[in-house]
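Down below is the structure, laid out as structure tokens.
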Amino acid sequence: PDVVLPAGDRLRAALEGTNGANFAHLRRKHPTTKFSVFGQASLSLPPWKRLQVVALCVDQRTLEKVEGDVLDLVETACDVVADFLKLNDDQVQQAYEDIRVERHDMKL
């Protein structure tokens with residue numbers, strides 16, 4: 001969400017966790033899914049170049065669980081940087097609501 005992008009590298013660090021621990025956890029939980037972070041946390045970039053989490057899910061049966069876990073991770077990262085950005089509860093709630101989830105059917 002735009003409101004948390006000014007946190008910059010802190011947002012990326014909150015997503016990844018210490019030494020990539022958050023994605024290591026997701027990979028253990030969903031071993032057939034590839035997780036990546038792309039882009040930069042910057043409002044000056046077009047949306048497709050901004051920070052985003054991508055999950056390539058081979059097993060369609062796990063897609064909803066993966067989506068839920070990634071959404072939880074992104075919400076947690078928003079919460080972590082909210083204090084740094086001095087966001088109030090309403091702004092944090094709006095950030096949660098502004099998280100975009102996109103699904104694309106790709107042949108892997």
Query - More than 20 Å apart - percent of Cα-Cα pairs taken over the chain - result: 39 percent
Requested in this report: Return the distance in nm (one decimal) between the two label points of a simple spin-label model at D105 and K34, each offset 7 Å from Cα along Cα→Cβ.
Outcome: 2.1 nm
**Report entry** Surrounding net charge for V37, when Lys and Arg each add one and Asp and Glu each subtract one, Cβ distance under 9 Å
**Finding:** 0
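Note down the relative contact order for the chain as a percent, whole number, built from C-alpha pairs under 8 angstrom at least six residues apart. Mind showing how you got there, number by number?
Numbers: 115 pairs, mean separation 34.6, N = 108.
Dividing the mean separation by the residue count of the chain yields 32 percent.
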Query raised in the report: Per-residue ellipticity at 222 nm for the chain, helices alone: DSSP H runs ≥ 4 residues times -39500 (n - 2.57), over residue total, nearest 500 deg cm²/dmol?
Result: -14500 deg cm²/dmol
Report task. Determine the distance separating the Cα centre of region 13-34 from the Cα centre of region 40-108; give it in Å without decimals. Result -> 14 Å
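FYI, it's all coordinate maths here, none of it is from the lab. Remember, predicted model here, so these are calculated numbers, not experimental data. FYI the Cβ positions are ideal-geometry reconstructions off the backbone, even for glycines, and counts take in every protein chain you see.
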